[in-house]
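The next block holds one structure in the form of structure tokens; read it before the comments.
A short reminder: the numbers here are calculations on the coordinates, not readings from a lab. Bear in mind that the values here come from a model prediction, so they are computed numbers and not experimental data. As a convention, Cβ positions derive from the backbone with ideal geometry for all residues, glycine included, and neighbour counts pool all protein chains shown.
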Amino acid sequence: MMAPCPGPGPQPHPSALIAAMLTPHLPDSGTFEQPRFAPRTAPASALREAITAACRRPEPEALAPLLAQARLPQELAQRVQELALRLARGLRERKAASGRVGLVQGLLQEFSLSSQEGVALMCLAEALLRIPDAATRDALIRDKIEGGDWQAHLGKSPSLFVNAAAWGLLLTGKLVATHSEGSLSSALRRLTARGGEPLVRKGVDMAMRMMGEQFVTGETIAQALDNARRMEAQGFRYSYDMLGEAALTSDDADRYMESYVQAIHAIGKASGGRGIYEGPGISIKLSALHPRYSRAQQDRVMAELYPRVQQLAELARHYDIGLNIDAEEADRLELSLDLLEQLCHAPALAGWSGIGFVIQAYQKRCPFVIDFVIDLARRTGRRIMVRLVKGAYWDSEIKRAQVEGLADYPVYTRKAHTDVSYIACARKLLAAPEAVYPQFATHNAQTVASIHQLAGPNYYAGQYEFQCLHGMGEPLYEQVVGATSAGRLGRPCRVYAPVGTHETLLAYLVRRLLENGANTSFVNRIADGSIALESLVAPPVSAVDEAAAREGASALPHPRIPAPASLYGPVRRNSAGLDLASEQVLADLATALGDSAHVPWHAAPLLARAAAPGPARPVRNPADARDTVGHVQDATEADVDLALVCAADMQPAWSATAPVDRAATLQRTADALEARMPLLMGLLMREAGKTAANAVAEVREAVDFLRYYAAQVQRDFSNATHVPLGPVVCISPWNFPLAIFMGQIAAALAAGNVVLAKPAEQTPLIAHEAVRLLHASGVPAGALQLLPGPGETVGARLVADARVTGVMFTGSTEVARLLQRSVASRLRPDGQPVALIAETGGQNAMIVDSSALVEQVVGDAVASAFDSAGQRCSALRVLCVQKDAADRVVAMLQGAMGELRLGNPARLATDVGPVIDAEAQANIQRHIEALRARGRRVHQGAAGWTDAADTAQGTFVPPTLIELDSIAELEREVFGPVLHLVRYEREELDTLLDQINATGYGLTQGLHTRIDETIDHVVRRAHAGNVYVNRNMVGAVVGVQPFGGEGLSGTGPKAGGPLYLLRLLARHPGPLAPTLQAVAATPPDDAQRTALQAPLRALADWARAQGPQALAGVCGQMADQSPSGTTHTLPGPTGERNTYTLLPREHTLCLASSEADLLTQLAAVLAVGGRALWPAQHAPLRERLPAAVQERIACVADWQAPGQPLDAVLHHGSADALPALCQALARRPGPIVGVTALRPGDTGVPLERLLTERALSVNTAAAGGNASLMTMA
């Protein structure tokens, strides 16, 4: 018999151990040369470094110097206010213009974004013209128009057009509703009979086109030039913008390039030699000219995009017209500056002042970018046009920083702060007239007045100009452009004029709808007569001062926009990410990755006492077998046996440790992981083939698990009431070797269980580091032991041991079934079956109807199918596209796949890394070839961007698309970068859902549609643990999208969800409500709960009338405790709605020898709203029950019969019968079914065992913008 395990001995202070652990060891581990991570072509400079450093500066710090510059002397400020009042009064009193100008603005003001109608208009404008088939257009009209409260707007607006639109929309709503309401007049019935939905569709289509004409200068550049003549005659100038979304494919980029070339020729000829300042110009969008316009692809951008930009600039120079480079998202700014600098140094453009650049005042970097541009102009001997805008991507910048856990926002969170920045930056521009030609783009009368006064009265041609958007700013600038003798200001204004078809308008139109309708928008507020003009034109400095007086400090961020780290409130801190577009971050990361590559990584058993030395095998990089990442010594049988002894010995001490102390060790580990992130990334990238972005996400997920479980234990647990299981074995996979590994361990330790951790054979090194950090943070060595090695030896020996009370497993369904059989023959010391939590694979589908935005579908499908080389449990496997849209989706998808880079993840530019090993590679390739041999169309991407030398030594599979006739052709999950595509008819949606459900898997499911009815229908029918709408379907966030499936995809409960820790307890207090309330952002929606419990109420009434009185009390208690049918909104980033719903496991087998226990089980099943399966001998009892209760009970002759549905088992009785029952369940094909055992007479049924969890994540900004954020005052 083995001697007892010695105690851990004195533990050093955790902070000292962490400090030691964070010091990297740097002896050279070999001669293999790692690829360069993120080489930069542009030279660094002090001015560029200042830009980088300012990106995420705290808001008060960033605004302080700008406040001083924007605070005008009293006399000047008085003149500004007088002029601003004059302009605003003229704008408000101005009669509605003839024609279209102002009319649609009235419509936007009337249907503000705060109303349901504004959102409905957004969705229609964005989707209607894109939908190829009439049936889906009709469904969208019904969905968006019928639900709007148009009648409330009738007669409210002074604009005839707005009232007409409201009447028309009201009529449309009634027409759609006729079939159900039947209350319309005979005339309307006749109209419906004549035209029906097609007539309605045509009317709505025309209304959308009218809106389009308001914002688009012309469908072609020739039309636009012709339409501009009237305003040019009044003194306006134009800069034309060829509409279109960012290129996803090379074909897209070629098409946009050709449109720019044609436009420059046409504009140049129309200019007639008027020159850069007096004549028309063009604005270009760099993301339209290259499909991979990002910092990660800098080499391609400079080699492929730059020549195009120079070609366009040279053509513009030929005609002497201005060419402006439009601003885009914050993460592209520095890349744009690289291009601008190279362009300004081009010999072919020397001395020409037609190069323009757009700078966004809402960015904290704005003043530093202006410093750089002024310096660049002086260095290159030119004058650069600078268009100063406030910024058009504010909502998406907020969301990106929250999602990625970045240090702060790159933009200001308050409108007044942006306005202050604008004034301060305008002064910078006006102070350098020889270097820049300022172009002030604003629709705000206060800003116009400020610029006018700051520039002084002695205006000269070419000093500066104003700019406005076509269809939005003309009413204001008609007071600005023109002679002072006519009461105007005598200053020029250039109209930013979009050109394109109505189909290309939509993304642009949505941005304009958002900006105009936002509650803080001047355009919105000027039309609201209830707002005093003096308030409307108050200087932004005053707004900042007033907020400071209220809040006790100046320039604080918006109180309703938490910093990324505070996204989840005071309960837990959001994990910190890395900005992989920041040059400083990339430079530091490159150094750290180099250091990580020289660490002699080593893994071995980490036991409560030292393991004996043994042979070590190399761990090789799957991207390049020549790179030995480190070495691992596998655990022996003796190591396993020793670990089991030590675990059993340590269990009492660890379970007696106060929950707050257990939580503290996890919190310290989380902090240590964050501090060590770059080194850990290097290990993940080499050992597991992770890209840099995936490695960041992996470390963050591990941190989130630690903090989430620590917070729950600290808040809810007491050792007196929460009793742990005992020793738990954690078997983790290679695809998330840190996140899932740490998530399992953190949960088990938090709940008070000691852990025996068996990492995947392919990834032991990162597991060893994780355990070392946990030990350094204060987890005793005996409470957590690491046992690397093969599953069939180390894993099997651990799972089979009688001292193990729980098994946590993530991997294949087949291995999960083997584990079930292994533990089925024994019980825990408390007489319960051994707990098994298994999270397995999925045949994950995404459904796309023809109302979806194709560009968004393709981006999300590529990310969902090919990120992590498709090696995610949640990855998209089958894309199901409505036939009407399929050809376009397939063409764009293939084009986007062609732009992916396959290669070594040691390079930032790599999109798709290797699969984990040669066995995985061979299995995937066999699948592809088998389907090719059956005549299926196979398309493989990344061919143009794969360096054969870079992939020759690794286990790579190119991104692959295979078209199938039916989902039924797929017999198993293919774990790699292979996406299957199925086409379906609109009317076949239910058949398709049946086929998806028939696979038996239920992990993730995606949906792209603009129709709420379709969303409701698909979500209701989906048998998947995680459903994603109008977004990608990977990357579930801890506590935001609790992750886990049902059916063949796992046992539950969901990792990173409120019920997970409860499964790791032998006993806990019954009520679940406090735990659920603590993690939710709002009170639950329990609308379904009452209906689900109707049969339970009938049972309680029966018990009170004629049954056992005690049963009525049990029913009441369970009714109160059951959360089934409740939906909880979880905290998360803006622009998403994340909900967590608890529903019944559908079929629960009830096994009890006494009638009282059987009725207790029935009460539990009815409390959650499920169905009870009773052995046939209980049929007489069923007959005595109320009809409503009988409907929820099925008596079965043989519950073991093939095909009998079964989702859970309740067992009252002797423990002696349990092993045979568990073994019988383990022999059943299909999903793993767990048993909950109770002693005779026990009424404390743990209701969470009878629940299934559903997480739903909806992208609420899918229509092109975040209405809820934009309406924030």
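Computed values, structure above
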quantity: With Cα atoms, 0 to 90° folded angle of helix 583-597 axis to the chain main axis; calculated: 30
quantity: Other-chain or far-sequence residues with amide H under 5 Å of Ala1024's (modelled H); calculated: none
quantity: Table column - 3J(HN,Hα) (Hz), segment 75-86, Karplus curve with 6.51, -1.76, 1.60, x for Gly and Pro; calculated: 5, 5, 4, 5, 5, 4, 5, 4, 5, 4, 4, 4
quantity: Three-way shape label, the chain, alpha-carbon gyration tensor, a/c 1.5; calculated: prolate
quantity: For Arg387, residues with placed amide H under 5 Å, excluding near neighbours; calculated: Phe357, Val358, Ile359, Gln439
quantity: Cα gyration tensor, segment 1094-1143 - rounded (a/c under 1.5), prolate or oblate; calculated: prolate
quantity: ³J(HN,Hα), Karplus 6.51/-1.76/1.60, whole Hz, each residue of segment 388-403, x for Gly, Pro; calculated: 9, 10, 7, x, 10, 10, 4, 5, 6, 5, 4, 5, 4, 5, 5, 4
quantity: Net charge over other residues, Cβ less than 15 angstrom from the Cβ of Gln1223 (K, R count +1; D, E count -1); calculated: +4
quantity: Beta bridges per DSSP with both ends in the chain, % antiparallel, nearest 5; calculated: 25
quantity: Note, ³J(HN,Hα) from phi for segment 307-319, Karplus 6.51, -1.76, 1.60, rounded to Hz, x at Gly and Pro; calculated: x, 5, 5, 5, 4, 5, 5, 5, 5, 5, 5, 3, 9
quantity: Folded to 0 to 90 degrees: helix 739-750 orientation relative to the chain principal axis, Cα; calculated: 60
quantity: Cα gyration tensor category, rounded, prolate or oblate, for segment 50-99 with a/c compared to 1.5; calculated: oblate
quantity: Helix 59-70 vs. the chain, principal-axis angle (Cα, 0 to 90°, nearest 10); calculated: 10
quantity: Interchain or long-range residues, amide H under 5 Å from Arg828's placed H; calculated: Val834
quantity: Percent antiparallel among DSSP beta bridges (both partners in segment 845-1049, rounded to 5); calculated: 20
quantity: Mean separation of Cα contacts under 8 Å, 6 or more apart, over the residue count of the chain: relative contact order %; calculated: 11
